[in-house]
Each structure stands twice: as structure tokens, then as C-alpha cells.
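Step one of this worksheet: look at the structure below.
The values are calculated or read from the model by the stated rules, or taken from the named source; none is laboratory data. All values reported here derive from a predicted model rather than from experimental measurement. Quick reminder, even Gly has a Cβ in these numbers, built from the backbone with ideal geometry, and neighbours come from all protein chains shown. Note: accessible area is taken over every heavy atom of the protein model, side chains too, but ligands, DNA and RNA are not part of it. Shrake-Rupley method; radii C 1.70, N 1.55, O 1.52, S 1.80 Å.
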Amino acid sequence: MLLTHLSLKNYRNYTVQEVEFTNSVNVILGENAQGKTNLMEAIYVLAMAKSHRTSNDKELIRWDEEYAKIEGKAVRRSGPLSLQLVISKKGKKAKINHIEQQKLSQYIGNINIVLFAPEDLHLVKGGPQVRRRFIDMEMGQISPVYMHDLSRYQKILQQRNHYLKLLQMKQQHDETVLDILTEQLIELAAKITLKRYEFSQLLQKWAEPIHYEISRGLEKLQIKYHPSVDVSEKIELSRIIEAYVEKFAKIKEREIYRGTTLAGPHRDDLSFHVNERDVQTFGSQGQQRTTALSIKLAEIELICSETGDYPILLLDDVLSELDDFRQTHLLNTIRQKVQTFVTTTSIDGIEHEVIKEAAIYQVRSGHICTP
């Protein structure tokens, strides 16, 4: 998969910008606060219809403007692709090959992308919400059905939490409505749990050998999925539903007392273990970085195995965070295989041939000087 052309209008600090990209490595070079990360974010937003930096879409629109527009031309194994995303204060409109999409879930996944930024080190040492978001973003790219189920789950979860709060405050007394919402929630929770379990197994398959190689054969990585119900022996949908029915029956009174939903995919987590020790708790900073790198490289292979196309890789100011050995391993892995975008303030000290052969784009005050 290749992104060949990008067009920006009123996006962050870009007024109007057109840029063509090469098929291999594209280095976005410039001082801080010039627009390097904004450009990287625009590529991400074009693919995912949301930012990895903010949940407030209004921040993506240039100051005093009504809308921002991102357009891109890509090439997939199945043929050329034209994408357009318009972000306004009223919402977002997406087009694929000039045809407007009724739902964003139909748009997401047309361009597959893997982002690796310094904050991705929090994937290992951050809170559970970081890892849930990671699963959701990756699953959303390869499974539109998953995104649809997750969206419905979040809406019902909101309704259920609202009703639990009313029961807690004695403003409602009829538990029949709660039972109906619980039944609807369980059906979606089971589907999401099953998909996440399958994803964790695939991630394990790809990440384990990568981690073994980066650690020079000294470490074995294991990824464990921790849902609200035990799925290790219940990997069929019907059995996961049964487990959730039992779980919610047990905690019903406690949920009413607390006024919130105490089980479900919104409380899931992943853990990473190196040589059977939890990396978050017992791992060194080097082991945490190796684990995060292994996960990101595994994402590339996982997406390719599921879609038939290698994703686009975004390395946002991350090379400086890796030592020479990890840096070299990363660059060797992507060489002549994955279209890559790299942001950095300087390429001095990076001796790898991949960077020496890359196209260099200079960014100054929201303007890109092409090679």
C-alpha cells in the first residue's frame, strides 16, 4: 500500500499544501513547531478519520477557518484509491473515489496505517485504556464489523450507565429496563471479546519471533489478554455469552449500588511478559522499549497477513528514542518493503543506508519544500 499524493487545506498550521511522496522512505525534516507532526497526523487522520493526538476535531481546523480538508491518492494491490475527508464544526464527511460514505466505519480501513511515536512506549507502561485504544484502532482497520459492534456497544453502555445511575439515586425502580439493556450489552460484549481474543493470539504469533530476534535470542515475549470473563476455555461465542450472563447476574446489585457498569470490554486489558515476568512491573526500560518495538513491527505483519497489503508506517520522532541496535533492526525490517514516513529534527548520526537513500522534505512554518 502506498500514499502517493497528499493535499491539505486549512489543516492545523497548513493553509494550502500539495505534496507527492516516494514509494520507500520519506523523511520529514524540520525544527520543532514547524508542522512535521501535523503532517504526520494528517496522514493518520486521512486513514483513520480521527487524530491520535486529540479527541477534539475542532483543533484540526486552522485558526479562524470553518473547515479543514485532507485529500489523498493511494495505490493498493486492488488498484488506485482516492480519499477525501472534510472536518467542520458540524462533523466529518468522507469520500472514497469521490463517493460520499454514509458511515465513517465504511471509510476506515481503506488505507491501513501503523504509527510509532514516543508515546507508544506507554503501550507497555501506561494504563489499560492505552492498550484498549491500541486494540480498537488496529482491529478497526482490518474489521469494519468490529468497529460497528464497538460503536453500538459504547452507545448501549452509555444508556446502561445512565439507567444504573437513576436506580442508584432511586429516581427509577423498574429493573426490567436494566435487564433489557444488559441483554443487549452482553450480545455485543461477547462479539468484541471474541475478536479481541483472536487479535491477541495473532499479535502473539507475529510479535514473539520478532522480539526473540531483537533480544538476540535471550527473551521470549508472551501477550496475555485480560477480559472481564475468562475466555481461555470459552472461545466460542455462545460460551462467552453464557459467561457474561453469569457475571452480570452476580454483580447486578453491586452495579446498582455503584451506579455504573462493572464488567465488559471497556474494562479489558493486555499484559506483556518477557521470560514469564510482567514487563510493565518488572521489565527494564530497555525491555519495555524492545516490547513496544516488537508490537509495532508485529502490527505491520499482522495487517499484511489479514489484508494482503503492507500498511503505511509512520515513525513520528521515534528514531531518537531507540538505541543504535533497535534503530538498525527497525530500519532493516522496513527496507524495500513498507512505505515509511519519518519525522525528525536532524538525520545527523543516523548512518543507516535506508535514511541515506530516503527522500527528504523540509518543513518550515507550515510549508513543505519537496525534494
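Just a few scattered comments:
- Flag for Leu319 being among the hydrophobic types (A, V, I, L, M, F, W, C), at negative phi and at pLDDT 90 or above: no
- Of everything in the stretch 211-259 that is of a type in the set (Asp, Glu) and more than 20 Å from Ile186 (Cα to Cα), the residue that is most open to solvent (accessible area, probe 1.4 Å) is Glu213.
- Pairs where the first residue, in the stretch 304-324, is closer than 28 Å to Gly349 by Cβ and in contact (Cβ under 8 Å) with a residue 12 or more places away in the chain and the second is of a type in the set (D, E, K, R) and open to solvent by less than 70 Å² (accessible area, probe 1.4 Å), C-beta under 7 Å, 6+ apart: Leu322/Arg289
- Cβ pairs under 9 Å, 6+ apart, first in the stretch 114-139 and free of Cβ contacts under 8 Å to residues at least 24 places away in the same chain, second of a type in the set (Gly, Ala, Ser) and open to solvent by less than 20 Å² (accessible area, probe 1.4 Å): Glu119/Gly126; His122/Ala292
- Only one of Leu85, Leu115 that is of a type in the set (A, V, I, L, M) and open to solvent by less than 10 Å² (accessible area, probe 1.4 Å): Leu85
- Among the residues of the stretch 43-77, just one is over 29 Å from Glu306 (Cβ atoms), of a type in the set (D, E, K, R) and in contact with a Leu (Cβ under 8 Å, 6 or more places away or on another chain), namely Lys69.
- Contacts under 8 angstrom Cβ, first residue in the stretch 169-182 being within 19 Å of Ala249 (Cβ to Cβ), partner of a type in the set (Ser, Thr, Tyr) and assigned to a helix (DSSP H, G or I), 6 or more apart: Val177/Tyr163; Leu178/Tyr163; Leu181/Tyr163
- Considering residues of the stretch 31-76 that are of a type in the set (Phe, Trp, Tyr) and modelled with pLDDT of 95 or more only, the residue farthest from the chain's Cα centre (by Cα): Tyr67
- Residue match in the stretch 5-13 (condition: touching a Ser or Thr at 6+ places or on another chain (Cβ under 8 Å) and closer than 15 Å to Ile113 by Cβ): no
- Top-ranked residue in the stretch 67-86 [being touching a strand residue (DSSP E or B) at 6+ places or on another chain (Cβ under 8 Å) and free of Cβ contacts under 8 Å to residues at least 40 places away in the same chain; ranked as farthest from Tyr44 (Cα to Cα)]: Pro80
- Of the helices (runs of 4 or more DSSP H) lying entirely inside the stretch 279-371, those containing at least 2 residues that are among the polar types (S, T, N, Q), open to solvent by 10 Å² or more (accessible area, probe 1.4 Å) and under 28 Å from Phe134 (Cα atoms) are 279-282, 285-307, 324-334.
- Those helices (runs of 4 or more DSSP H) of the stretch 76-193 in which at least 3 residues are farther than 30 Å from Gln280 by Cβ, considering only elements entirely within it, cover 104-107, 144-168.
- Here Leu202 meets the list (1) more than 26 Å from Ala292 (Cα to Cα); (2) in a helix (DSSP H, G or I) almost entirely, failing just condition (1).
- Pair list, Cβ under 8 Å, 6 or more apart: the stretch 184-206 residue over 21 Å from Ala298 (Cα atoms), other residue basic (Lys, Arg) and open to solvent by 10 Å² or more (accessible area, probe 1.4 Å): Leu188/Arg152
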